[in-house]
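Trainee: Please find one structure pasted underneath; my questions will follow.
The values are calculated or read from the model by the stated rules, or taken from the named source; none is laboratory data. Bear in mind the structure is a predicted one, so any value in this text is a computation, not a measurement. Neighbour counts are summed over all protein chains in view; Cβ atoms, including those assigned to glycine, are modelled from backbone coordinates with ideal geometry. Protein only, heavy atoms only, side chains kept; ligands, DNA and RNA dropped before computing areas. Shrake-Rupley method; radii C 1.70, N 1.55, O 1.52, S 1.80 Å.
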Amino acid sequence: MTDQMPRAIARLQLDHRNMSRLLSHLRDSFEDYRAGGALDIDLLGAIMEYSLNYPDLCHHPLENRIYRRMAERDPAAAGKIGDLLKEHAHLGELTRKLAAALRNLARDSEIPRAW
C-alpha cells in the first residue's frame, strides 16, 4: 500500500470531524433560535455554502474512490458499509433543503412544515 491511502483516510476523517462540528453548531443555533435567540444568518449561510459545495467537489469523490477500491478487494466488507453512493445523494438532498430553509429564514419567508 502506498503512502497515499493512509493520507486519504486521514483527510476523510478530518473532514468528518469538521462536518460534525459544523452540524453541532447548526443544531445549537437552531435550539437557541427556538428558545427565542437570534440566528447569525451570515455564519449559517457560510456553513451551508461549505456544506453544499465541499463534500460533492472534494470529499465524496475521494470517499467514493476508496469505497469502490475496497469493494473490489473485499465485497463482504463493502456490504457491511451499506450503499455509500445512495447515502451521499440523500445527504445532498437534505443539505439543499436545509439551505433553502435558511434562505427563507433570512428573507422572513415561510418554511414548509415538512422540512
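Trainee: Would you be able to tell me the number of residues in the range 68-82 that are out of contact with any helix residue (DSSP H, G or I) (no Cβ under 7 Å at 6 or more places or on another chain), at negative phi and open to solvent by less than 80 Å² (accessible area, probe 1.4 Å)?
Mentor: The total comes to 3.
Trainee: Scan the range 100-113 and tell me whether some residue there is closer than 23 Å to Leu14 by Cβ, within 21 Å of the chain's Cα centre (by Cα) and open to solvent by less than 30 Å² (accessible area, probe 1.4 Å).
Mentor: No, that holds for no residue.
Trainee: Still on this structure, I have one more. Run Asp56 past the list (1) surrounded by 12 or more Cβ atoms within 10 Å (Cβ to Cβ); (2) over 14 Å from the mean Cα position of the chain (by Cα) and report the number of the one that doesn't hold.
Mentor: The one condition Asp56 does not meet is (2).
Trainee: Given the condition among the basic types (Lys, Arg), exposed (fewer than 12 other Cβ atoms within 10 Å of the Cβ) and within 26 Å of Leu14 (Cα to Cα), answer yes or no: does some residue in the range 83-91 qualify?
Mentor: Scanning the range 83-91 turns up at least one residue that is among the basic types (Lys, Arg), exposed (fewer than 12 other Cβ atoms within 10 Å of the Cβ) and within 26 Å of Leu14 (Cα to Cα).
Trainee: Could you tell me whether Glu63 is closer than 29 Å to Asp3 by Cβ, surrounded by 15 or more Cβ atoms within 10 Å (Cβ to Cβ) and either of a type outside the set (Lys, Arg) or touching a Ser or Thr at 6+ places or on another chain (Cβ under 9 Å) (or both)? Show your work before the answer.
Mentor: Values: closer than 29 Å to Asp3 by Cβ: yes; surrounded by 15 or more Cβ atoms within 10 Å (Cβ to Cβ): yes; either of a type outside the set (Lys, Arg) or touching a Ser or Thr at 6+ places or on another chain (Cβ under 9 Å) (or both): yes.
Against the criterion (closer than 29 Å to Asp3 by Cβ, surrounded by 15 or more Cβ atoms within 10 Å (Cβ to Cβ) and either of a type outside the set (Lys, Arg) or touching a Ser or Thr at 6+ places or on another chain (Cβ under 9 Å) (or both)), Glu63 qualifies.
Trainee: Being surrounded by 14 or more Cβ atoms within 10 Å (Cβ to Cβ) and out of contact with any helix residue (DSSP H, G or I) (no Cβ under 6 Å at 6 or more places or on another chain) is the filter here; which residues of the range 41-51 pass it?
Mentor: Gly45
Trainee: Considering each residue of the range 22-34, count those that are modelled with pLDDT of 90 or more and either exposed (fewer than 10 other Cβ atoms within 10 Å of the Cβ) or not in a helix (DSSP H, G or I) (or both), and give that number. Full working, then the answer.
Mentor: Filtering the range 22-34 down to residues modelled with pLDDT of 90 or more leaves 22-29, 31-32.
Still in the running and either exposed (fewer than 10 other Cβ atoms within 10 Å of the Cβ) or not in a helix (DSSP H, G or I) (or both): none.
Final tally of qualifying residues: 0.
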